[in-house]
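The values are calculated or read from the model by the stated rules, or taken from the named source; none is laboratory data. Since we're looking at a predicted model, the values are computed, not measured. For neighbour counting, all protein chains shown are included, and Cβ atoms are generated from backbone atoms with ideal geometry for every residue, glycine included.
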Amino acid sequence: METTLAKEYRRLCRDPASHQPLAYLRLRSAIRNVIEQRDIEPGHALPSERDLARALALSRVTVRKAIAGLVEEGMLTQRHGAGTFVAERIIKPMSRLTSFTEDLRARGLNPRSEFFERGIGEVTPEESMAMNLSPGVAVVRLHRVRYAGEEPLAIERSVVPANLLPDPSLVDDSLYEALEKRGCRPRRALQRLRAVLLSAQHARLLHVPTNSAGLAIERRSFLDDGRVVEFTSSWYRGDIYDFVAELHTD
Ligand code: 16G
């Protein structure tokens, strides 16, 4: 395991295409790559800072800096006195506007969706209020269960104005990828998160017992010009996800 990481680090040092002049960024990429390739499994420990520094002929400050970035991204977790581990629960930083697909790929997991609905219809009064749309306009609706491989993680209902995404079949696995291709990927979002007990129907879809803990999240995302690009209601499994926010004093 350690040798795979050392090999990957040395490969990046030799690879001119990696464009990573700083050692801590090269090491960060190397750690990310071995996690994505599942050479170090979730829950398993990374070699200690001291061992990594010695094996790679780097200073401990450099190793610490490389690791700190991945802890912030939620890819690694640190337990006081025990070391650094590949995150087992999915830790989702709330400060970055990322998609389900990106979050899972970054952890070497295989995101996929099962669609219950992928169609076009008329905006409802509630959606038109939330999205600042005129009554009667056309919207694309997606209702899907989101999986990592065979494991269901979340249920999502998304609404997107049809003038931004005219054809629902443009969404294959990732809504954000489809929006990106049309030049309207969200740039900013407002998110509301609350704890819920999962209903029998949601629990069945997520393969957990009825009344298990869940997180109900509403996200309204905006384009640069202020138009709402998505209104998504999600129910995430509370036993797998941690949503983490970084706070600053002014
Ligand atoms: C996340 C977002 C959701 C967005 C989706 C796009 C949260 C709570 N929700 O699940 O609002 O629509 O990603 O993912 O993070 P996709 O591009 O993989 O379809």
For residues that are in contact with a Pro (Cβ under 8 Å, 6 or more places away or on another chain) and surrounded by 15 or more Cβ atoms within 10 Å (Cβ to Cβ), tally how many sit in region 192-226.
6
Of the residues that sit in region 163-198 and are outside any loop (DSSP other than H, G, I, E, B) and in contact with a helix residue (DSSP H, G or I) (Cβ under 6 Å, 6 or more places away or on another chain), which one is farthest from the ligand (Cβ to nearest atom)?
L170
For region 109-121, pairs from a residue that is among the aliphatic types (A, V, I, L, M) to a residue that is in a strand (DSSP E or B) and at pLDDT 95 or above, with Cβ under 6 Å and 6 or more apart or across chains, are I120/A138; I120/V140
Pick from R79, R144: which is within 26 Å of T4 (Cα to Cα), among the charged types (D, E, K, R) and in contact with a strand residue (DSSP E or B) (Cβ under 9 Å, 6 or more places away or on another chain)?
R79
Condition first: touching a residue at least 12 places away in the same chain (Cβ under 8 Å), among the acidic types (D, E) and assigned to a loop (DSSP other than H, G, I, E, B). Now tell me which residues in region 1-51 satisfy that.
D39, E41
Quick one: which of S29, S99 is within 30 Å of R192 (Cα to Cα), at pLDDT 85 or above and under 26 Å from the mean Cα position of the chain (by Cα)?
S99
Assuming Y147 fulfils every condition listed in (1) on the phi > 0 side of the Ramachandran plot; (2) under 19 Å from the mean Cα position of the chain (by Cα) apart from one, which condition is it?
(1)
